[in-house]
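Everything below concerns the one structure shown next.
The values are calculated or read from the model by the stated rules, or taken from the named source; none is laboratory data. Please read these numbers as outputs of a predicted model, since none were measured by experiment. Quick reminder, even Gly has a Cβ in these numbers, built from the backbone with ideal geometry, and neighbours come from all protein chains shown. Keep in mind that these areas ignore ligands, DNA and RNA; they rest on the heavy atoms of the full protein, side chains included. Shrake-Rupley method; radii C 1.70, N 1.55, O 1.52, S 1.80 Å.
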Amino acid sequence: MNKQLASVGLAAFAGIWACTSGAAQSDSTSRPAESATSPTEPVILQTVTVTAQRRTQNLQNVPIAVTSISGSQLAPRQITEALDIAFYVPNMIGATTTGLGSSNSYFVRALGQTNSFPTTEPQVGVYVDDIYIARENATNFSLFGVQQLQVLNGPQGTLFGRNSTGGAMLVTLRKPGREFGGEVGLSYGQFGESGGSEYRANASVDVPINEQLLTRTSAYGITSPGYARDLTTGERLNGTNNYGVREAVTLLPRGMPSLRWDVSADLEHDTAGNLLNQPSPGGDRVSYSGFSRIGGALEPYFTGAKAGFGQADIVKTFGVASNLQWRHGTGTLNFITGFRGMHQQAAIDVQVAAFGPLPTADALPMGEITLAQDLNNHQFSQEVKWNDTAWGRLNYTAGLFYLHEDSDNDFGQVLGVTPNFAVPLNDQFTHNDTKSTAIYAQGDYQVTSHLTATLGARGTDETRSVVARANVPGLGYDTAQVQAAGYPTHLESRQFTPHAALQYRFDPQYMVYASATKGFQGGGWNGLTGSNPQDFNNYGPETVWSYELGLRSTPTPRLRVNATLFYEDVKNYQLETDNLNTNSFDTTNASDMYGYGLEAQVEWRPTESLTLAANLGTIKARYYDPSSLVVAQQARCVAGIASSCDNGIVRADGRLGEPSNSAPFNLTISGSYAMHFGGLSVTPYVGINQVSRVWISTANSPGPAAPWPQAAGGYTRARTVVNASVTFGPSRLPLTITAECKNCTMVDYGTVDLLGVNYFNAPGMWDLRLNYTF
């Protein structure tokens, strides 16, 4: 299999280096190879439009750090699911959540959350067609029918609101076309040395009923038996069985050109695990869990439907989105309505280092420590947004926002002791309810022909409540017991989050800006606990002020250079750690944090066929002013109490650890070169991602000794990941055939640390892909 991977990678490299001595693919909308300029046309980079300020703007006029990737660039860059975008965003780290293949945790500028329980919130907001996705549990969605992806670095507290202290990811889906047409995609791939096959298929078709009614139907499917071998049960793990459909309708009422109504509905079924596995000395991915995919082993220990679950993560989601747009004069009014539902059934063995790193014989049929979860979540959001201009100098956006989310979470944990004996740790039900109401406004005022001032603010009123009950006496707690332990079951937060910026344009090619922005994250509870109500502790809101100095420049029509210097000051950072004080893995306001660094993006098109790009991120982050509990823990550690060391955010020597998931250095360089041979185009592409050593353990623990060097414990070593492809396109057919490899050199690295055990990235793979448009 290595030979197959190498052949694809070498073909891509040879095509580029032979013709160009290096190449890269732009992060913005560059002219595709099939529409290359003619000899009489100038070679230029196309203008990139973004919606980072909730209206359409040229990227070069936006005083925000933005990465934009068009829908046509997703396939060349091998961005097939949301997690892949982190490859191209400075200071962004993405990882699949422990055990849950459908759930992603994103960190931007060291801010993120790895807990997917409904009593916690993500710190990087995800939006699909302006609809906020409240739960992390279904954020590793497949990307089909996408028009544009944008990632906004830094807090977006004014225009996007709560839970965007790290940043925001914006996904814009394609709308129905006015002409009949569509596309079909097929691919076959193979994971690593002995991983299973993967098959993908997607199709979309635009069917305009008439000039007033446009429709677009999309569907996709992914299937794979899994890339990890369970040496205990003989099963394959981390397989995929995903499929989904989406129907989009656009209404353009006759005689009402100012009115447009976009409505869509989607349904998805995801079966994807991120179950513990590690690379063996031979290169295979292996696991030793005795917990089988066949249900039944948990029945003696749990109540309800979860007792019958086997080892798997199954997520079903559905949603309806509506955007009613009315234009009046120079203004546009949008009524944006969203409803989403999710049902997750998961049971995962989260083997931990305390009981040995991946024992070679784990015959426990119920697993080492198994968590079973039956989660139902619903959310409704309504936004009214108005964009307009005034006096010829002011562009502004104002709106109202409302969100209501509720979750029913039935979960339990069991500790395997012997093949015939286990101890249930809890069997608990919680209901979580969140309501958030906000009003916001932001405007850009052109003071002079060169100077523009931006001022905005958002007021948010958020309430959260939780109801608890034990499914089995003694294996949980109820609401009254939580309150008796001193923890409130109703939280309120009122936040004012302003934004201010000044931008100065020297000439059409150069703009500089300075900005200050506040963001906030609401409080919550630690839902993943044992049976003691003392563990169900709450935590307060997190706030961040971010200050930026930026440059937006196009020195020539062929070159674009954007750079941002930033400093962030985070108060009451919501840190998920192995908390010594509560004896559980939970989230607390453990410390404040600061961070500063640089983000730069360079795009260059030196010739008609060649496109080059580089994305650079650097950050230095540190904790400061820790909570009194952490200070006391440090003192105990320094005094020689070993149990207080190497725990939470306290290192083995008693010092505060470095913030996890903050890579001091990350760089992506990439390139493509379009070659034409008579009636055939050949386009090789290479993307190389370099990331310095990253702590994935909050205590910066080196972890236990492992039988192979990749399992390094609490950090992932510096890595270089290479993606490469070659695309062939007959000029007379709307068809492309691509041979590609993702992680061509098969680099293994940890993405999540759980008590000293690494959860690794998916192994490298190669595939052949066919795409046909009509």
Would you mind getting the Kirkwood hydrodynamic radius of the stretch 512-612 from its Cα pairs, rounded to one decimal in Å? 16.9 Å
Mind running the shape call on the stretch 117-161? Use the C-alpha gyration tensor, a ≥ b ≥ c as the square roots of the eigenvalues: rounded below 1.5 for a/c, prolate if a/b tops b/c, oblate otherwise. oblate
Whole Å is fine, so just give me how far the alpha carbon centre of the stretch 184-251 lies from that of the stretch 473-500. 40 Å
Hey, if we sort Ser643, Ser449, Ser660 by accessible area with the 1.4 Å probe, largest down, what's the order? Ser449, Ser643, Ser660
Separation between the Ser731 and Leu213 pseudo-spin-labels, each 7 Å from Cα along Cα→Cβ, expressed in nm? 4.3 nm
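Hey, what number do you get for the chain at 222 nm if only DSSP H runs of n ≥ 4 count, each worth -39500 (n - 2.57), divided across all residues, to the nearest 500? Mind dumping the intermediate values first?
Values: 3 runs with 36 residues, N = 774.
For the chain, the value works out to -1500 deg cm²/dmol.
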How much net charge surrounds Thr223 when only other residues with a Cβ under 10 Å from its Cβ are counted (Lys, Arg +1; Asp, Glu -1)? 0
Over the stretch 69-201, what is the relative contact order in percent, taking alpha-carbon pairs closer than 8 angstrom and at least six residues apart? 21 percent
Neighbour cut-off at most 15 other Cβ (10 Å), DSSP loop, trypsin sites (Lys or Arg not before Pro), the stretch 621-681: Arg655
Can you pull out the trypsin sites (Lys or Arg not before Pro) in the stretch 221-265 whose DSSP state is coil and whose Cβ has at most 10 other Cβ atoms within 10 Å? Arg254
How many nm is it between the label spots at Lys435 and Ala305, if each spot is 7 Å from the Cα in line with the beta carbon? 2.8 nm
Crossing angle, helix 2-20 versus the chain [Cα axis fit, 0-90 degrees, rounded to tens]: 30 degrees
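Please work out whether the stretch 216-298 counts as rounded, prolate or oblate from its C-alpha gyration tensor, where a ≥ b ≥ c are the square roots of the eigenvalues and a/c under 1.5 means rounded, while otherwise a/b larger than b/c means prolate and anything else oblate?
Numbers: a/c = 5.15, a/b = 3.34, b/c = 1.54.
It is prolate, given that a/c is not under 1.5 and a/b is the larger ratio.
Quick check: convex hull of the Cα atoms in the chain, volume per residue, rounded to a whole Å³? Walk me through the intermediate numbers first.
Working: hull volume 117.4 nm³, N = 774.
Output value, Cα hull per residue: 152 Å³.
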Between His404 and Thr745, what length in nm is gained on full extension when 0.36 nm per residue of separation is reduced by their alpha carbon distance? 118.2 nm
Degrees, to the nearest 10: 628-638 long Cα axis against longest axis of the chain: 70 degrees
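Compute the relative contact order of the stretch 227-337 as a whole-number percentage, counting only Cα pairs closer than 8 Å that sit 6 or more residues apart in sequence. Let's see the in-between values first.
Details: 213 pairs, mean separation 31.5, N = 111.
Answer for the stretch 227-337 is 28 percent.
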Given a cut-off of under 8 Å on Cα pairs at least six residues apart, what relative contact order in percent is computed for the stretch 580-666? 28 percent
For the stretch 306-453, what size does the Cα cloud have along each of its three principal axes, sorted from largest down, in whole Å? 78, 33, 20
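Checking the a/c ratio against 1.5 first, then a/b against b/c, what shape does the Cα gyration tensor give for the stretch 81-214? List each step's numbers first, then the result.
Numbers: a/c = 2.29, a/b = 1.26, b/c = 1.83.
Since a/c reaches 1.5 but b/c is at least a/b, the shape of the stretch 81-214 is classed as oblate.
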What is the projected area of the convex hull of the Cα atoms of the stretch 467-577, averaged over all directions, in nm²? 10.7 nm²
What FRET efficiency comes out for Tyr596 versus Arg655 if R0 is 30 angstrom and r is the Cβ-Cβ distance? Round to the nearest 0.05. 0.90
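Using the Cα centre of the chain as the reference point, and only Cβ charges (+1 on K/R, -1 on D/E), how large is the resulting charge dipole? Debye, rounded to the nearest 20. Intermediate values should be presented prior to the final figure.
Working: 49 positive and 63 negative charges, 378 e Å.
That gives the chain a dipole magnitude of about 1820 debye.
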Just list whichever of Lys518/Lys620; Lys385/Lys620; Lys435/Lys518; Lys435/Lys620; Lys175/Lys316 have alpha carbons separated by over 29 Å in the model shown. Lys385/Lys620; Lys435/Lys620
Estimated inter-spin distance, Phe677 and Thr223, nm [label 7 Å along Cα→Cβ]: 3.6 nm
Order Val320, Val544, most accessible first, counting only protein heavy atoms with a 1.4 angstrom probe. Val320, Val544
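If Lys and Arg each add +1 and Asp and Glu each add -1, what is the summed charge of the other residues whose beta carbon sits under 14 Å from the beta carbon of Leu549? Display every interim value, and only then the final one.
Details: positive: Arg552; negative: Glu548, Glu568, Glu599.
Every neighbour counted, the sum reads -2.
With Cβ to Cβ distances under 11 Å as the rule, what net charge do the other residues near Arg693 carry (K, R +1; D, E -1)? Don't skip to the answer; put the middle values down first.
Numbers: positive: Arg717, Arg719; negative: Glu658.
With Lys, Arg at +1 and Asp, Glu at -1, the net is +1.
Can you tell me the accessible area per residue over the stretch 452-585, all protein chains present, probe 1.4 angstrom, in square angstrom? Please report the intermediate quantities before stating the final value.
Working: 5380 Å² over 134 residues.
Heavy-atom SASA per residue in the stretch 452-585 reads 40 Å².
Over the stretch 600-737, average the accessible area per residue using a 1.4 Å probe and give it in Å², no decimals.
Details: 5720 Å² over 138 residues.
Computed with neighbouring chains in place, this is 41 Å² per residue.
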Solvent exposure, largest accessible area first (probe 1.4 Å, DNA, RNA and ligands not counted), of Thr165, Thr80: Thr80, Thr165
